[in-house]
Structure formats: C-alpha cells, structure tokens
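One structure is given here, and the rest of the page talks about it.
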Amino acid sequence: MVYADTSALIKRYLAEPHSDEFDEFFLARTPLAISRLTLVEMRCSLARRCRNGEIDSALEEQVM
C-alpha cells in the first residue's frame, strides 16, 4: 500500500508538471491510502486555485 498526500493526489486530477509520472506510479502501486484530512486539504487547494484563476469553478467541482 502506498500513502498519497494531497499534493500528489491533485496531480491525478489536474494537469500539472509531472502528472503523467505520478499517474504511472499510482497505477503500478495500488491500493493507495489517503489521510482523513485529504478531502479538506483537497477542497482548500482547489478553492485557492479557483480564486487565483488557475482553474474555473466547473473544474473545481469536477475534481472534487
């Protein structure tokens, strides 16, 4: 089992530098574990990106 922190998990759902490498890593090492705080951290990170104009609200909701 591999633990995925929020910053790595975001790479699974948003196109960022090295997202493809993270995808390959995750797919080769299932199951993945996440913290109970991951959903809160994910929501905060996505909201910040939306406020900063990096993503739109539709993508924010789709990722969540």
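The values are calculated or read from the model by the stated rules, or taken from the named source; none is laboratory data. Keep in mind the model is a prediction, meaning the values are calculated, not measured. Cβ atoms come from the backbone with ideal geometry, glycine included; neighbour counts cover every protein chain shown. These accessible areas exclude ligands, DNA and RNA; they are computed on the full protein's heavy atoms, side chains included. Shrake-Rupley method; radii C 1.70, N 1.55, O 1.52, S 1.80 Å.
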Taking the range 31-58 and keeping only residues that are touching a helix residue (DSSP H, G or I) at 6+ places or on another chain (Cβ under 8 Å) and in a helix (DSSP H, G or I), one is left with Thr38, Glu41, Met42, Ser45, Leu46, Ala47, Arg49, Cys50, Ser57
State which residue is modelled with the lowest pLDDT when the search covers only the range 17-35 and only residues that are within 13 Å of Ala4 (Cα to Cα) and open to solvent by 80 Å² or more (accessible area, probe 1.4 Å). Thr30
Selection status of Cys44, surrounded by 15 or more Cβ atoms within 10 Å (Cβ to Cβ) and not small (Gly, Ala, Ser): no
When the residues of the range 36-47 are narrowed to those that are under 10 Å from the mean Cα position of the chain (by Cα) and of a type in the set (A, V, I, L, M, F, W, C), which ends up modelled with the lowest pLDDT? Leu39
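Name the residues in the range 1-16 that are open to solvent by 100 Å² or more (accessible area, probe 1.4 Å) and out of contact with any strand residue (DSSP E or B) (no Cβ under 8 Å at 6 or more places or on another chain), would you?
Tyr13, Ala15
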